[in-house]
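Below you'll find the structure, written out as C-alpha cells, and then a few comments.
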Amino acid sequence: MTGGERSRIAVVGGGVAGLTAAHRLRRRLGSEADIVVVDQADQLGGKLGTADLAGCPYDVGAEAFLARRPEVPALAEEVGLGEDVVHPGPASATVRAGGRSCPLPTGTLMGVPSAADSVRHVLSGAGVAAVRAETSLPPPHLDGADVSVGALLRDRVGDEVVDRLVEPLLGGVYAGSADGLGLRATIPALAAAIDAGAESIGAAVARALPPPSPEGQAKPPVFGAFRGGYRSLIDRLAQRSSARVRLGLPVRAVVPAGTGWRLEIGSAPSPEVLDADAVVMAVPAPSARRLLSEVVPAAAERLAAVELASMIVVGMALPSDTRLPEASGVLVARGETHADGTPFTAKAFTFSSRKWPHLRGRDGEVLVRASVGRFGQAAELRMDDGELLRGVRNDLAELTGIRAEPVDSVVARWGGGLPQYGVGHLDTVAGIESAMAEVPGLTLAGAMLHGVGVPACVATGEAAAAELVRHLTA
C-alpha cells in the first residue's frame, strides 16, 4: 500500500499517546487516510483532564511535563501552542517527614542524596549517620540485574532516606511504593552510574546529577504546563489529526481480517464492526492484555505483570485573600500523622497559585491541589467526595494553618491511572515489543511502556505511528 492510496487506521484510546499517533499518522499519510479514534470514555484526553475551577482551566490529571525532554515542547510548537507553554515560578517544594515540614533537599536524585550534609535537616541523627557510613561499604553491584528501589537503598543508606525522601517523590510520579518499584525503570540514571562502577550510592548520585549551570546563567526550567491546561493540547491534536472520533464505545475485540484487522466496538448485544488496515492500541495494560490475548498471546502474558495504581485529585479554590505558604507545595511521607495521630488523607499538596503564577480564579481565588492514593492503600479511594474534601481540608490546616472554606472545588478520580514499573519492567516491555513486532500492522502506545510522564507517552505515540507508516507504505 502506498501513501497515496486510501487506508484506514484505528486508534484505540483517545489519550495523549493515541492522539499523538493520530496526529502523526495524518501528517505522514495525508488527507486521504481515514483515521478513526475510538474511546470508551465520553471525552478525549485519557488521564489528562482539565476542569474549570472558579472559572480557571485547571489540570486535574497530570499537572506538568518534564521540560528537559524535547517531545512536548516540540509537539506544542508543531501544533501552534508554543506560546501557550508556561513554567513554574521560583518557589521550591517542601516535605513533611518526621513530624515536621522541611525544604526538599537539593543535590539529590529522586530523593537519593549525594552527601549526608544535604539531607541532615530531613533525617534524624541516626539517619544522617547511615548515609555517611555508606561510603565505607563495598561498592554497590547490580551485575546486570534489576532490584527494587527500596531493597537497594534500605540496605545501603537506611530506611529514613527511603521513607522520608525517595518514597514521597516516587509516590508523586507512580503512586507506588519504593519497595515495589524497579530501579532500572524508575531511576535509570542511578542504575547506569552503579553499572559504570560508582564506588558508593552517593558517588553514583553525584555522577548522575546534571552539571550545574555556568555562573551567571539561569537554570533551564525543569517543568512546563499549558496556560489553558492540557485540554488545549488534546483539542488541538484532535483537530490537527482530522480523525473521526467515536466516544462512549468500548472496543471488545481486535481480530485479523484479510490483510488487516476487524474491531468489534460498542455494546455486547449488538457490537458494531470496524475494519482497519492497521491499529494503534493506546490503552491501559489490562485492556491491551484482554484485546491481545488471542492475537498476540506472548505480549498479553507479559502485560499481566504491569499492575495499576488508582489516585484522586482534589482541586480547591480558596478566597483571594488566602495567604499560601512560600513554597510550591508539600510532599507527605508515608506514615505521617496529624498531631493528634490522625493519618493524612493526602500524599501531596501543590500550592498551584504559588507554583504557577498564571493560575488564579476569575475573582482572584487562589488554587490548591491535593493528591490522594497510593498503590496498595484503598481506604482513601473509597471515600465519597464530601469525605475527601473534609480530609484534605483538615490536612491543609494541619500543614499550613489555612482553614478557609473553598469557594469552589473539583474531585477527579483516576481508577487504574498509573502503571507500576516493578522489578524487571524493562525486560517485560522488551518482551512485549518483541512479540508485537511479529504482528505487522498492530502497535502499542501509552504509559505502560517507557515512562508514565506526558513526554514519554507522546514518544510512544510517535513511535507507534512511525511503525504503522512503515507497514502501510511498504
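The values are calculated or read from the model by the stated rules, or taken from the named source; none is laboratory data. Small disclaimer: the values here were computed from a predicted structure and weren't measured. When we count neighbours, we look across all protein chains shown, and the Cβ atoms used for this are built from the backbone with ideal geometry, even at glycine.
Return the only residue of 62, 97 being closer than 20 Å to residue 358 by Cα and surrounded by 19 or more Cβ atoms within 10 Å (Cβ to Cβ).
The conditions single out 62.
Being free of Cβ contacts under 8 Å to residues at least 12 places away in the same chain and closer than 30 Å to residue 331 by Cα: is that true of residue 73 here? Here the answer is no, as residue 73 does not meet what is asked. Regarding residue 248, is this residue at pLDDT below 95, surrounded by fewer than 22 Cβ atoms within 10 Å (Cβ to Cβ) and out of contact with any Phe, Trp or Tyr (no Cβ under 6 Å at 6 or more places or on another chain)? No, not satisfied. Residue check: is residue 278 farther than 22 Å from residue 422 by Cα, surrounded by 20 or more Cβ atoms within 10 Å (Cβ to Cβ), within 31 Å of the chain's Cα centre (by Cα) and aliphatic (A, V, I, L, M)? Taking the combined requirement at face value, the residue satisfies it.
Is there any pair linking a residue in segment 375-404 that is without any contact (Cβ under 8 Å) to a residue 12 or more places away in the chain to one that is surrounded by fewer than 18 Cβ atoms within 10 Å (Cβ to Cβ) and part of a helix (DSSP H, G or I), with Cβ under 6 Å and at least six apart or on different chains, and which? Short answer, once both residue conditions are applied: 403/397.
Listed residues 191, 151, 130; which is under 30 Å from residue 378 (Cβ atoms), touching a residue at least 12 places away in the same chain (Cβ under 8 Å) and surrounded by 14 or more Cβ atoms within 10 Å (Cβ to Cβ)?
On the way: 191 fails: under 30 Å from residue 378 (Cβ atoms); 130 fails: under 30 Å from residue 378 (Cβ atoms).
Selected residue: 151, the only one of 191, 151, 130 that is under 30 Å from residue 378 (Cβ atoms), touching a residue at least 12 places away in the same chain (Cβ under 8 Å) and surrounded by 14 or more Cβ atoms within 10 Å (Cβ to Cβ).
Of the residues making up segment 57-74, those that are hydrophobic (A, V, I, L, M, F, W, C) and closer than 25 Å to residue 414 by Cα are 60, 62, 64, 65, 66, 67, 72. Residue 300 passes every criterion in (1) touching a residue at least 60 places away in the same chain (Cβ under 8 Å); (2) touching a Leu at 6+ places or on another chain (Cβ under 9 Å); (3) farther than 30 Å from residue 390 by Cα apart from (1). Across segment 133-143, the number of residues qualifying as over 13 Å from residue 112 (Cβ atoms), in contact (Cβ under 8 Å) with a residue 12 or more places away in the chain and not hydrophobic (A, V, I, L, M, F, W, C) comes to 3. Out of 464, 459, 445, 437, I need the residue that is under 23 Å from residue 10 (Cα atoms) and without any contact (Cβ under 8 Å) to a residue 12 or more places away in the chain. Which one? After applying the criteria, what remains is 437.
The residues of segment 79-101 that are farther than 21 Å from residue 222 by Cα and either assigned by TED's automatic domain parsing to the domain that holds residue 193 or not polar (S, T, N, Q) (or both), listed by number, are 79, 80, 96, 97, 98, 99, 100. Scan segment 222-233 and give yes if some residue there is basic (Lys, Arg) and not in a helix (DSSP H, G or I), otherwise no. The answer is yes, given that some residue of segment 222-233 is basic (Lys, Arg) and not in a helix (DSSP H, G or I).
Here residue 31 passes the criteria (1) in the same structural domain as residue 261 (by TED's automatic domain parsing); (2) among the hydroxyl-bearing types (Ser, Thr, Tyr); (3) buried (at least 22 other Cβ atoms within 10 Å of the Cβ) except the one numbered (3). Checked against (1) part of a loop (DSSP other than H, G, I, E, B); (2) modelled with pLDDT of 95 or more; (3) among the β-branched types (Val, Ile, Thr), residue 94 passes all but a single condition, namely (1). Exactly one residue out of 449, 426, 468 is part of a helix (DSSP H, G or I) and surrounded by fewer than 23 Cβ atoms within 10 Å (Cβ to Cβ), and it is 426. For residue 367, the requirement of being touching a residue at least 12 places away in the same chain (Cβ under 8 Å), touching a Cys at 6+ places or on another chain (Cβ under 9 Å) and closer than 22 Å to residue 95 by Cβ is met.
Has segment 192-206 got at least one residue that is outside any helix (DSSP H, G or I), acidic (Asp, Glu) and farther than 20 Å from residue 332 by Cβ? Before the answer, list the steps.
Of the residues in segment 192-206, the ones outside any helix (DSSP H, G or I) are 196-200.
In the following step, the residues that additionally are acidic (Asp, Glu) were identified as 199.
Retained after the next criterion (residues that are farther than 20 Å from residue 332 by Cβ): 199.
Within segment 192-206, one or more residues are outside any helix (DSSP H, G or I), acidic (Asp, Glu) and farther than 20 Å from residue 332 by Cβ.
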